[in-house]
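Asker: One structure, as C-alpha cells, below. Some questions next.
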Amino acid sequence: MRFPLKGNSDNGRKKAQHMSKKDKLWSGRFSRETSDLMERFSQSVSFDKRLYRHDIAGSLAHAEMLSAQGVITTAEFRKIRKGLREIQKEIESGKFLWSVEQEDVHMNIESALIEKIGEAGKKLHTGRSRNDQVSTDMRLYMMEEIDAICDLITGIQRELVRRADQESGTVMPGWTHMQPAQPVTFGHHLLAWNQMFERDYRRFRDCRGRTGECPLGSAALAGTGYPIDRKMTAAQLGFARVMANSLDGVSDRDFAMEFAACGSILMIHISRIAEELVLWSMPALDFVDIGEGFCTGSSIMPQKKNPDVAELMRGKSGRAVGNLVTLLTIMKSQPLAYNRDNQEDKEPLFDQVDTVKSCLEVFRAMLPGIVVHPENMTRAATVGNPTATDLADYLVGKQIPFRDAHEIVGRIVGYTVWNDTHLHEIPLEKLREFSDRIEEDVFETITLEGSISRRNHAGGTAPKQVRKAARDAMRTIKARSQ
Ligand code: ARG
C-alpha cells in the first residue's frame, strides 16, 4: 500500500493499487508474494524517507557518471535527471505517494522513476546496489547535519565567551564535592563550559572527516564490472575521497557510532550545565534567574517557577547515550559485508540528530535571558572559608613548609567553626596565636578578591586572565568561519 504524506487525500490509493506486490524491484526470483506482516516488519520507508534529497543527489551523480563513462547514453541520463527532479518536487510538495511495498526510500524513488520515464529509469541501478547507495545517502545526510550542529555549537560558544568577558570580575563560590573549595569568577566558570563545547566542536569536525569518504562504487560488496569513475561521483557529491575497500564501503558504520558518541559526550556536557542551572536557580542559592520563557509553573503550587527546560535537557542525555548503545550493539559481531541489521542504524541516528540539535537550539535561545545575581554569588562565596588554601600559601611564603602550614590553617579553620566566624574576620592578634609569622599583609591574601587575583596565570581564575582567555577563545571561534 502507498501511504500519502500528511495532508494528502486518498486519491493516491487508486494509483497505488495498480502496482501489485509482484512489482517489487527484486521480485524476479520469487514465485510467491511477501506477507503483509513481513512487509510491515522489514520496511524502512516510514523513517528513511528523510533521506530522499541525498538519495536523489546520489542517483544524479551516479547516472551522470554512467553516461560520462558510456554505460548509459546522454539522452538516458537526461531523462533520468528530469524524472528525479520531478520526483523531488513531488516529495517536497507532499504529492509523492510512499509505498510500504517498495520497502525503502531507494526503491520508492527508483520505482517511481521507472513508472515516470520507463526504460531509461530501469538503467539507473546499473553498477550500483542499495548497499553502497544507503551508505552514501547516510553519509551525505550526516555531513550536512554535522555542519548544522557545528554552527549551533559555535553560536553557543560566541554567547558564552561574550558573557564570560562581561563577568570576568564576578566572584562566585568554586566547589569540589559540592563543598566550598576556592572562590572563582563566574566568567571563568563560563569559559569552562566553553571548553567543553570547544572539544565537542572539534570532535564533530573529526567525525565529519571520516564520514566524508564515498562508498559509491562498492556496489553490493565486491565492486562492479562496469567501467565506473568513483572519483567523479565522490567529488560531485562533496566527498573528500573514495572509500578504499568495497567490503568496508558497504558495511562500515563507524561514522554512525562516532557521531552518536560525539553527540552523547555533548549531551553529557549539556546535562552537567543544565544541572548547574537547576541548582543555581534554587531560591536558597538564587545565583541566576532563568527567564520565564524557559520555565514552567505548577498545576497545584501557585508559587512555583520550575526549570523544566534545563531538566529536560539533562534528561535527554539518557536518550542520547541509549542511541549510542543501540548503534554499538547493532554493529557488534556483524561479519562482513552488508547485513540487514544495518537498517536499524537509522532511527537511533536520526533521533540523535534531533535530540542534539533541539537541545543546542533551546540552550542557545535560553542563554541571553539568564540573569545573574552577583551579590548572591559573592555572598555564597564567603561561606566555608574558601581562602584557607591562600592562608596556607601565605605561610609558605613566610618560610613554613606547606605540610606544617596546612596543619596550622586547619587549626584556625577549627577555631572559625567553633566560634561561628570566618577566616577573614579573625583579628590579627588572634591569628598570631596560631603562628607568629602572620602579619598585617595577611588580609590582602585571605579576602576573596586577593585569592582570585593571585591566580593570575594561563588557565587561572583572575579577572585579567579570564579576559585574556575570552579574547583567545573568541579568536579561535572566529577563525572557523574563514
Ligand atoms: N533499507 C536498507 C537499509 O537501510 C537498504 C539496503 C538494503 N539492502 C539489502 N541488500 N537488503 O539498510
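The values are calculated or read from the model by the stated rules, or taken from the named source; none is laboratory data. Remember, it's a predicted structure, so these values are computed and weren't measured experimentally. Positions of Cβ are generated from backbone atoms using ideal geometry, with glycine treated the same way; all protein chains shown enter the neighbour counts.
Asker: Any residue in the range 253-268 that is more than 22 Å from the chain's Cα centre (by Cα), closer than 23 Å to residue 56 by Cα and not acidic (Asp, Glu)?
Answerer: No, every residue in the range 253-268 fails to be more than 22 Å from the chain's Cα centre (by Cα), closer than 23 Å to residue 56 by Cα and not acidic (Asp, Glu).
Asker: On to the next question. What's the total number of residues in the range 92-112 that are touching a residue at least 40 places away in the same chain (Cβ under 8 Å) and away from the ligand (no atom under 16 Å from the Cβ)?
Answerer: Number satisfying all stated conditions: 4.
Asker: To continue, here is another question. Exactly one of (1) buried (at least 19 other Cβ atoms within 10 Å of the Cβ); (2) within 21 Å of the chain's Cα centre (by Cα); (3) under 24 Å from residue 389 (Cβ atoms) is unmet by residue 192. Its number?
Answerer: Going through (1) buried (at least 19 other Cβ atoms within 10 Å of the Cβ); (2) within 21 Å of the chain's Cα centre (by Cα); (3) under 24 Å from residue 389 (Cβ atoms) one by one, residue 192 breaks only (1).
Asker: If I ask for residues that are under 30 Å from residue 340 (Cβ atoms) and of a type in the set (Phe, Trp, Tyr), which ones from the range 166-222 would you list?
Answerer: 204
Asker: Surrounded by fewer than 19 Cβ atoms within 10 Å (Cβ to Cβ) and at pLDDT below 95: does that describe residue 433?
Answerer: For residue 433, the condition - surrounded by fewer than 19 Cβ atoms within 10 Å (Cβ to Cβ) and at pLDDT below 95 - is not met.
Asker: Give me the residue from the range 285-312 that is at pLDDT 95 or above and assigned to a strand (DSSP E or B) and, out of that set, surrounded by the fewest Cβ atoms within 10 Å (Cβ to Cβ).
Answerer: 289
Asker: Ok, one more. Spot the failing condition for residue 315; the list is (1) under 28 Å from residue 174 (Cβ atoms); (2) surrounded by 15 or more Cβ atoms within 10 Å (Cβ to Cβ); (3) under 16 Å from the mean Cα position of the chain (by Cα); (4) not hydrophobic (A, V, I, L, M, F, W, C), and only one is missed.
Answerer: All conditions pass for residue 315, except number (2).
Asker: So how many residues does the range 349-369 have that are under 15 Å from residue 256 (Cβ atoms) and either within 13 Å of the ligand (Cβ to nearest atom) or more than 16 Å from the chain's Cα centre (by Cα) (or both)?
Answerer: The qualifying residues number 2.
Asker: I've got another one for you. Here are the criteria: (1) in a helix (DSSP H, G or I); (2) more than 16 Å from the ligand (Cβ to nearest atom). Tell me which single one residue 51 does not satisfy.
Answerer: Single failed check for residue 51: (2).
Asker: Would you please name the residue that is nearest to residue 214 (Cα to Cα), looking only at residues in the range 56-105 that are under 37 Å from the mean Cα position of the chain (by Cα), of a type in the set (Val, Ile, Thr) and part of a helix (DSSP H, G or I)?
Answerer: 56
Asker: Would you check if there is a residue in the range 108-120 being surrounded by fewer than 19 Cβ atoms within 10 Å (Cβ to Cβ) and among the acidic types (Asp, Glu)?
Answerer: yes
Asker: Continuing with this model, one more query. Kindly list the number of the only condition in (1) crowded, with 22+ Cβ neighbours inside 10 Å; (2) outside any helix (DSSP H, G or I); (3) of a type outside the set (D, E, K, R) that fails for residue 125.
Answerer: All conditions are met except number (1).
Asker: Let me ask something else about it. Checking residue 70 against (1) on the phi > 0 side of the Ramachandran plot; (2) of a type in the set (Gly, Ala, Ser); (3) in contact with a Lys or Arg (Cβ under 7 Å, 6 or more places away or on another chain), which test does it fail?
Answerer: Unmet for residue 70, out of (1) on the phi > 0 side of the Ramachandran plot; (2) of a type in the set (Gly, Ala, Ser); (3) in contact with a Lys or Arg (Cβ under 7 Å, 6 or more places away or on another chain): (3).
Asker: Let me ask something else about it. For the range 140-153, does any single residue satisfy the condition of being part of a helix (DSSP H, G or I), more than 16 Å from the ligand (Cβ to nearest atom) and farther than 30 Å from residue 205 by Cα?
Answerer: The answer is no; no qualifying residue exists.
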